[in-house]
Amino acid sequence: MSSAGVSLRLADRPGDLGWVVERHGTVYAAEYGWDVSFEGLVAEIVAGFASGHDPGREAGWIAELEEQRAGSIFCIAADEPGVAALRALFVDPAARRRGIGRMLIERCIGFARAAGYQQMELGTTSDLVGARRLYDAAGFELVHEERRPRFGTTVTSQRLALEL
């Protein structure tokens, strides 16, 4: 999939997974004041994916803008049978407002449907207004929300779900 210099590819090249962790940590610290515990969470997601995923049921993608990494997303089997988890959606600030987030979400949902999942879930926070707009546009619905200390601050955690 490509549009105006944007392309999506599997997250399977050396450096891709490290880039996902580093960019999440750096950008979310700068934009939201989140501490290193958020980077640690992303590192756990990526490490779990790297250490052994089923390519027929799980995948990760990197968005590139003019051949430079610009975004990421992962589809990972959730703990509950038949449920996929959308994880680590990221669009670099310099690449935003080009449809990259929408492209990544569409690819992730399409993969989950093709893999036979019946539902997709994700966790986010109310701070991530742009991401939430994309999730809402894709048909995700809020199923749970709570205010709690996380990432060195207090956030409103949200759980969203989409019937596939």
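The values are calculated or read from the model by the stated rules, or taken from the named source; none is laboratory data. Being a predicted model, the structure only gives us computed values, none of them experimental. Cβ sites come from the backbone with ideal geometry, for glycine too, and all protein chains shown count toward neighbours. The protein model used for the area step is the full one, side chains on, heavy atoms only, and it has no ligands, DNA or RNA in it. Shrake-Rupley method; radii C 1.70, N 1.55, O 1.52, S 1.80 Å.
Structure notes:
- Condition met for LEU142 (over 21 Å from LEU65 (Cβ atoms) and either within 13 Å of the chain's Cα centre (by Cα) or open to solvent by 10 Å² or more (accessible area, probe 1.4 Å) (or both)): yes
- Filter result (surrounded by fewer than 21 Cβ atoms within 10 Å (Cβ to Cβ) and assigned to a strand (DSSP E or B)) within the range 106-121: GLN119, GLU121
- Condition check for ARG102: within 17 Å of the chain's Cα centre (by Cα) and over 19 Å from THR26 (Cα atoms): yes
- Among the residues of the range 43-77, just one is in contact (Cβ under 8 Å) with a residue 40 or more places away in the chain and among the hydroxyl-bearing types (Ser, Thr, Tyr), namely SER72.
- Checking each residue of the range 56-76 against the condition of being buried (at least 21 other Cβ atoms within 10 Å of the Cβ), more than 23 Å from THR156 (Cβ to Cβ), over 12 Å from the mean Cα position of the chain (by Cα) and modelled with pLDDT of 95 or more gives at least one match.
- Members of the range 78-105 found to be in contact (Cβ under 8 Å) with a residue 40 or more places away in the chain and either of a type in the set (Lys, Arg) or open to solvent by 30 Å² or more (accessible area, probe 1.4 Å) (or both), listed by number: ARG87, PRO93, ARG98
- Qualifying positions in the range 77-124 - of a type in the set (Gly, Ala, Ser), under 23 Å from SER157 (Cβ atoms) and in contact with a Ser or Thr (Cβ under 7 Å, 6 or more places away or on another chain): ALA88, GLY123
- Residues that are of a type outside the set (Phe, Trp, Tyr), touching a residue at least 24 places away in the same chain (Cβ under 8 Å) and surrounded by 13 or more Cβ atoms within 10 Å (Cβ to Cβ), drawn from the range 13-40: ASP16, LEU17, VAL20, VAL21, ARG23, HIS24, VAL27, ASP35
- Tally of residues being loosely packed, with under 15 Cβ neighbours inside 10 Å, more than 16 Å from ARG96 (Cβ to Cβ) and of a type in the set (Gly, Ala, Ser) across the range 1-12: 1
- Residue check for ARG132: of a type outside the set (Phe, Trp, Tyr) and either in contact with a Ser or Thr (Cβ under 8 Å, 6 or more places away or on another chain) or modelled with pLDDT under 95 (or both): yes
- Candidates ARG13, ARG87 - the one that is basic (Lys, Arg) and within 17 Å of GLY123 (Cα to Cα): ARG87
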